[in-house]
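Visitor: Just dropping this structure here.
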Amino acid sequence: MNAVAPVVVAHGLTKRFHDFIAVDHLDLSINTGEVVGFIGPNGAGKSTTIRMLCGLIQPSEGSATVAGFDIEKQAEAVREHIGYMSQKFSLYGDLTVRENLRFFSGIYRVPRREISERMAFAITMAGLKGREDTLVRTLAGGWKQRLALGCAILHRPPVLFLDEPTSGVEPEARRRFWDLIHDLAAEGVTTLVSTHYMDEAEYCNRIALIDRGKLIALGSPRELRNLPLGGDLFEIRCTPLGAALKALTQAPGVTDVAIFGDALHVVLGANHKGGNTLSAGDLPNFLAQQGIHAEPAQQVLPSLEDVFVQLVTRGQEERDMS
Amino acid sequence: MNLRRLFALAYKETLQIWRDPRSLAIALLMPLMQMAILGYGVSLDIKHVPLCVYDQENSQQSRGLVQDFVSSGWFSISRRLEREADIRDAMDRGSCNAAIVVPVNFSRTLAMNGTAPVQAIFDATDVNTTNIALGYAQGAMAQASREFVTGWAAAHGTQPSLVGQINLEPNTWFNETLDSRNFIIPGVVAVILALVGAQLTSLTISREWERGTMEQLISTPVTALEVMLGKLTPYFMIGLIDAGFCLAVAIFWFHVPFRGNVITLFTTTMLFLIVVLGIGYLISVRIRSQLGASQVALLVTMLPTNLLSGYTFPIDQMPAAIQALTLVVYARYYVTILRGVFLKGSSLTDLWMPIVGLSVYALLIIWLAARAFHKRIN
């Protein structure tokens with residue numbers, strides 16, 4: 001692993017829009033062939049970071065290099081070495097599949113004798129064989145996204161920036177899309193991909209969790225799952241959920257509580273076995289007193305989502321304190 | 001700059017234009033329609049001025065005089081009056097713009113003295129029309145006088161003493177028939193190209209922003225100069241077709257005499273197209289909504305080209321400050337060039353002044369346009 005050099009490096013990358021800080025002193029280092037998932041709530045600064053790394057937005061502060069080129073001073077060299085998919089679909093809807101591919105081949109100056117081979121590859125990859133002459137605006141979401149990826153990799157860029165490439169795409173198509181990303185990673189393509197689907201986090205080598213412009217956690221899915229939650233995690237099924245959430249937020253000994261599917265995930269502090277704080281066994285009774293029906297609590301292993309929710313709310317509370 | 005990227009852009013843009021037949025039809029038919037409307041609509045000639053006649057004598061000679069007015073084609077008799085007071089009434093009602101009063105002893109005075117007064121009255125509310133009508137009236141009177149003199153000479157063997165001995169023989173050059181259409185139509189071509197040209201390119205950048213395709217495009221290594229040239233090239237072709245249409249209509253439909261040479265016409269037209277398309281492109285870069293860009297393009301081109309290009313209102317009659325202002329109205333150079341090429345057959349060297357003006361403009365616009373586009377989102 002000594003030979004692996006970081007391909008994307010950001011130091012204190014910051015973007016301010018007037019008073020609003022979209023990205024706040026972000027440090028990030030991504031190695032060759034890594035698939036890094038960029039996860040965080042809407043407006044956390046994922047798109048802004050990606051756009052800065054592509055040279056589409058000028059950073060207010062800090063610096064970054066992509067494939068060894070400075071994003072500000074060598075923006076054009078950066079653009080030669082990246083493939084980018086924006087959040088909004090941005091191919092030409094009034095051109096056909098083939099015309100879009102041909103256009104980007106020309107723009108990226110794909111060597112002429114390789115054009116037909118690479119276009120054929122992109123068409124096969126996108127599953128659009130036989131539909132080469134279809135106008136792109138008539139394609140369904142999943143095909144559009146795969147074609148956009150096909151256009152973004154025509155020039156075989158070593159680095160890919162994908163901004164929520166799977167949003168609004170059906171689950172089956174999303175899974176196929178991730179297969180493509182892993183195929184590319186196997187060939188050494190480095191990918192930074194943002195998503196708000198938690199299940200997709202599991203597909204990444206590493207996850208960068210970002211909230212309010214700040215990087216709050218970075219690590220492999222396993223490392224993040226093992227982050228201390230500040231107590232044990234219990235799942236409790238109860239109705240109504242909203243009232244239970246409200247009651248438990250105030251309860252003594254409860255470090256954290258969040259809705260998880262049709263149940264609640266409750267973190268009980270390390271000292272929950274003594275004193276006047278609640279223990280896992282007390283939870284159904286405590287809720288029953290509030291008129292909430294609850295089943296016995298069961299200890300569960302934290303999922304990535306539990307970790308994210310806790311990290312984000314912890315950050316929120318720290319901000320509220322100060 | 002890379003030719004391959006430039007070609008890829010120009011080809012893509014052409015495909016998009018081709019895929020949108022309605023916009024293409026508008027781009028090609030609009031200028032023809034405007035040629036028809038402005039070509040027929042705008043005329044400074046005044047024909048069939050409504051004329052009231054108060055012929056107090058009603059003799060053969062007085063009727064002959066009135067007939068000279070009518071047969072000139074400039075006047076048509078709208079009313080015959082019986083009383084002096086009716087003239088005012090007819091003017092008030094708008095039933096005539098001019099009136100002639102032939103005195104009761106017209107033919108007798110004329111026979112005795114060799115001259116006789118005839119009164120002509122004009123409604124001068126519209127000064128321009130009045131001046132032209134006045135000129136026509138003098139023309140008609142001169143015609144009547146010549147007929148009379150010929151008759152007198154035949155009868156008396158001598159010239160009548162008081163009839164003017166100095167005969168002005170007007171000789172109009174370049175527009176021999178004094179048809180204002182010959183003068184106006186070349187201007188119409190310039191105005192239409194200025195309008196249509198800026199409209200064509202005003203949407204080209206804003207469309208990509210609106211559709212979200214710009215974000216993808218600027219993430220590629222394409223340069224701002226390539227974007228500009230790639231986008232302008234197909235519209236330059238459409239502009240040339242439009243120019244060809246308009247000039248052909250001017251020559252073959254409106255029969256404006258074309259005395260210059262086609263090469264002069266096309267080199268200057270290309271220069272003008274660069275300016276107008278460049279201005280549309282500049283607007284498109286600055287304003288990111290299609291509607292906004294199109295309206296600004298209309299506003300920026302419509303008023304100055306109509307009022308200050310010299311196409312209807314002669315620049316040398318304007319106050320000095322306004323004349324100075326017209327120097328920035330690029331259409332004025334092309335109006336001057338077109339009139340020169342059409343009516344005088346001027347060559348490139350004759351027209352060096354407006355050509356230099358237009359060239360400076362073209363360089364400035366291209367320079368500004370090339371610098372205006374930045375590959376940044378905000």
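The values are calculated or read from the model by the stated rules, or taken from the named source; none is laboratory data. This structure is a prediction, so every number in the text was calculated from the model and none was measured. Heads up, the Cβs are rebuilt from the backbone with ideal geometry, glycines too, and the neighbour counts pull from every protein chain shown. Heads up: the accessible areas ignore ligands, DNA and RNA and are worked out on the full protein's heavy atoms, side chains in. Shrake-Rupley method; radii C 1.70, N 1.55, O 1.52, S 1.80 Å.
Visitor: Tell me which residues, restricted to region B:314-332, are closer than 20 Å to B:T269 by Cβ and open to solvent by less than 30 Å² (accessible area, probe 1.4 Å).
Guide: Hits for region B:314-332 are B:V329, B:Y330, B:A331.
Visitor: Select from region A:22-44 the residues that are surrounded by fewer than 18 Cβ atoms within 10 Å (Cβ to Cβ) and at pLDDT 90 or above and list them in ascending order.
Guide: Across region A:22-44, the qualifying residues are A:H25, A:D27, A:S29, A:N31, A:T32, A:G33.
Visitor: Tell me, which residue of region A:142-156 that is open to solvent by 40 Å² or more (accessible area, probe 1.4 Å) and either in contact with a strand residue (DSSP E or B) (Cβ under 6 Å, 6 or more places away or on another chain) or more than 14 Å from A:D94 (Cβ to Cβ) (or both) is farthest from the other protein chains (Cβ to nearest Cβ)?
Guide: A:W143
Visitor: Could you check region A:68-94 and list, in sequence order, the residues that are in contact (Cβ under 8 Å) with a residue 40 or more places away in the chain, facing chain B (nearest Cβ under 8 Å) and part of a loop (DSSP other than H, G, I, E, B)?
Guide: A:S86, A:F89, A:S90, A:L91, A:Y92, A:G93, A:D94
Visitor: Separate question: Taking region A:1-21 as the region of interest, how many residues are within 14 Å of chain B (Cβ to nearest Cβ) and either open to solvent by less than 10 Å² (accessible area, probe 1.4 Å) or of a type in the set (A, V, I, L, M, F, W, C) (or both)?
Guide: Residues flagged as within 14 Å of chain B (Cβ to nearest Cβ) and either open to solvent by less than 10 Å² (accessible area, probe 1.4 Å) or of a type in the set (A, V, I, L, M, F, W, C) (or both) within region A:1-21 amount to 2.
Visitor: Kindly provide the set of residues from region B:7-26 that are open to solvent by less than 30 Å² (accessible area, probe 1.4 Å) and more than 7 Å from every other protein chain (Cβ to nearest Cβ), ordered by number.
Guide: Once the filter is applied, which keeps residues that are open to solvent by less than 30 Å² (accessible area, probe 1.4 Å) and more than 7 Å from every other protein chain (Cβ to nearest Cβ), region B:7-26 yields B:L9, B:A10, B:E13, B:I17.
Visitor: Let me ask another. Residues that are of a type in the set (F, W, Y) and surrounded by fewer than 14 Cβ atoms within 10 Å (Cβ to Cβ): does region B:237-251 have at least one?
Guide: No; the residues of region B:237-251 include none that is of a type in the set (F, W, Y) and surrounded by fewer than 14 Cβ atoms within 10 Å (Cβ to Cβ).
Visitor: B:M237: assigned to a helix (DSSP H, G or I) and within 10 Å of chain A (Cβ to nearest Cβ), yes or no?
Guide: no
Visitor: Just give me the residues in region B:96-119 being farther than 12 Å from B:S62 by Cα and either at pLDDT below 80 or open to solvent by 50 Å² or more (accessible area, probe 1.4 Å) (or both), in sequence order.
Guide: Hits for region B:96-119 are B:N97, B:A111, B:M112, B:N113, B:G114, B:T115, B:Q119.
Visitor: Limited to region B:338-354, what total is found for residues that are farther than 14 Å from B:V262 by Cβ and among the polar types (S, T, N, Q)?
Guide: The total comes to 1.
Visitor: Still on this structure, I have one more. Go through A:T65, A:T48 for me and flag whichever is of a type outside the set (A, V, I, L, M, F, W, C), open to solvent by 10 Å² or more (accessible area, probe 1.4 Å), within 12 Å of another protein chain (Cβ to nearest Cβ) and under 27 Å from the mean Cα position of the chain (by Cα).
Guide: A:T48
Visitor: To continue, here is another question. Scan region B:41-57 and tell me whether some residue there is crowded, with 18+ Cβ neighbours inside 10 Å, of a type in the set (G, A, S) and either touching an Asp or Glu at 6+ places or on another chain (Cβ under 6 Å) or assigned to a loop (DSSP other than H, G, I, E, B) (or both).
Guide: no
Visitor: Follow-up. If you check B:I77 against the conditions, is it β-branched (V, I, T), in contact (Cβ under 8 Å) with a residue 12 or more places away in the chain and open to solvent by 30 Å² or more (accessible area, probe 1.4 Å)?
Guide: In short, yes.
Visitor: Also: Mind listing just one residue for me: the one in region A:131-141 that is part of a loop (DSSP other than H, G, I, E, B) and not charged (D, E, K, R) and, of those, surrounded by the most Cβ atoms within 10 Å (Cβ to Cβ)?
Guide: Within region A:131-141, the match that is surrounded by the most Cβ atoms within 10 Å (Cβ to Cβ) is A:L139.
Visitor: Return the residue satisfying two criteria in turn: it lies in region B:279-313 and is outside any helix (DSSP H, G or I) and in contact with a Ser or Thr (Cβ under 8 Å, 6 or more places away or on another chain), and of such residues it is surrounded by the fewest Cβ atoms within 10 Å (Cβ to Cβ).
Guide: My answer is B:S289.
Visitor: Within region A:95-130, how many residues are assigned to a loop (DSSP other than H, G, I, E, B), at the interface with chain B (Cβ under 9 Å from one of its Cβ atoms) and open to solvent by 20 Å² or more (accessible area, probe 1.4 Å)?
Guide: 1
Visitor: Here is a further query. Scan (1) in a helix (DSSP H, G or I); (2) under 20 Å from the mean Cα position of the chain (by Cα); (3) within 14 Å of chain B (Cβ to nearest Cβ) for the single condition A:L160 breaks and write down its number.
Guide: The failed condition is (1).
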